[in-house]
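Take a look at the structure set out below.
The values are calculated or read from the model by the stated rules, or taken from the named source; none is laboratory data. Treat the numbers as computed from the prediction; the structure is a model and nothing was measured. Here the Cβ positions follow ideal geometry from the backbone for every residue, glycine too, while neighbour counts run over all protein chains shown. Only protein heavy atoms, including side chains, enter the accessible area calculation; ligands, DNA and RNA are left aside. Shrake-Rupley method; radii C 1.70, N 1.55, O 1.52, S 1.80 Å.
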Amino acid sequence: MNRTLLLPLTALLLAACTGTEEAAPPLRLAVLTDGGGTVRTVTTGSSGVTPAPAEPSVSVQGGVTLDTLPGGKRLALTLAAGLESRDVNLGDVQPFAPPFDVPGFTPPCLTATVLNAQRDRLLTLSQCGSGGTANGTQQLALYRTDGSLVWRAALPTYTPPPPTLDVPPTRLALVRENGVDVGIVARAALSGGSEVMRAAVTTTGADRADVSTPVPTPAIRDLAPAPAGGVVYAATDTGVQPLRGTGIPDASATLTAFGTSRVDRLWTAAGSGVSGNLIAAWRDTSLSGNPTEPLRLWDGVRSSAANVDFLTDLRDVTFALDGNLYALTRTSLVSYDVLFGLSQNNWRATTLLSGLNDARAVTWLVP
């Protein structure tokens, strides 16, 4: 495992060797639940979970996802109507600049947000729809983490394939190439598989980005920044693969630790805002009727990824500063000890929250 990840875990390792119990620093987990209608928190501590009587919980409208902002003291909450920043108590609401309040763009219906590996830019996607289906114009907005807008872009006209249970989802990634922020969008192609576009400014300081012509690719199920930050990994039907500069997954560089079977979801330490070479992958078998497959974790060193746990309806994963992996399913939030899991196959699973209603996203904060 990467030494930078082990540094905050040294006290825990020494405690295990000496038989003493060191008090772990508290950490707050923010969870978007109730189908995007509630953000609530739970605070961890040395004795497992310590739910405070006044643990923050707020009602929101159209919640989409949560992301930790630099420093861990604030989070970015994506709502259908726009982005906003909140503190560790889910208060001190600071709206981001309006993304599309200029001619040629439509009001936002945000559906996804990602950060780059450097954690200083956010990319968000808007797509309104009708009849309960997101089938309108797709628009991108790039932000600084202080909420100021960098650029916006309109994607080429999109004709989605007929809805089926196995159509690839629309996924985002954000990477910096030679000092230029490049937004990557993978979406289902009408002819099958996916198509990928890249959005970036061609003139320094421009407030509107240019978008490349869609490139056909095999089906892309998810995107995540590589731990080193210079590459984006794709979850495909033949494993985890880095994207080439064209946006096409490089099958010749498939990560052998995960094999060559289908992967539906992908998370990395860089995507969670912590150091280390951790990559987690999961296959969603709910559509195939096959037995549930495990959440798998790779540290960049082992010859194969380790099985963490068999999980059903996994919604989100975050790696946190306390050395734990937190997995959110539709109904529960469970923590797993990365150090002990990888070294001793003892994941010390602890259920933090249960009985959740249609949970959507989780992220960490420093109280």
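Structural remarks
- For the chain, relative contact order (Cα pairs under 8 Å, six or more residues apart, normalised by length) works out to 15 percent.
- Along the axis of the charge dipole computed for the stretch 285-329 (Cβ charges of +1 for Lys and Arg, -1 for Asp and Glu, origin at the Cα centre), the listed residues 311, 324, 290 are led at the positive end by 290.
- Ordering 202, 30, 183 by the projection of their Cα atoms onto the charge dipole of the chain, which places +1 on the Cβ of Lys and Arg and -1 on the Cβ of Asp and Glu, puts 202 at the extreme positive end.
- The residues of the stretch 208-269 expose on average 38 square angstrom of accessible surface per residue, using a 1.4 Å probe on protein heavy atoms.
- Couplings 3J(HN,Hα) for the stretch 290-303, derived from phi with the Karplus relation 6.51 cos²θ - 1.76 cosθ + 1.60 (θ = phi - 60°), are 6, x, 4, 9, x, 6, 10, 10, 10, 9, x, 10, 4, 6 Hz, where x marks Gly and Pro.
- Residue-by-residue Karplus 3J(HN,Hα) for the stretch 80-85, coefficients 6.51, -1.76, 1.60, Hz, glycine and proline x: 4, 8, x, 9, 8, 9
- Relative contact order, percent, the stretch 59-176 [alpha-carbon distance under 8 Å, six or more residues apart]: 19
- 222 nm mean residue ellipticity, helices alone, for the chain (DSSP H n ≥ 4; -39,500 (n - 2.57); rounded to 500): -1500 deg cm²/dmol
- Only Lys, Arg (+1) and Asp, Glu (-1) charged, at Cβ; the chain dipole about Cα centre in debye: 320
- Here the chain has an Rg and Dmax of 19.8, 65 Å, counting Cα atoms alone.
- Interchain or long-range residues, amide H under 5 Å from residue 96's placed H: 83, 84, 85
- Phi-based couplings in Hz for the stretch 308-325 (Karplus 6.51, -1.76, 1.60; Gly and Pro marked x): 8, 6, 8, 10, 10, 6, 5, 9, 7, 9, 9, 9, 10, 5, 7, x, 9, 9
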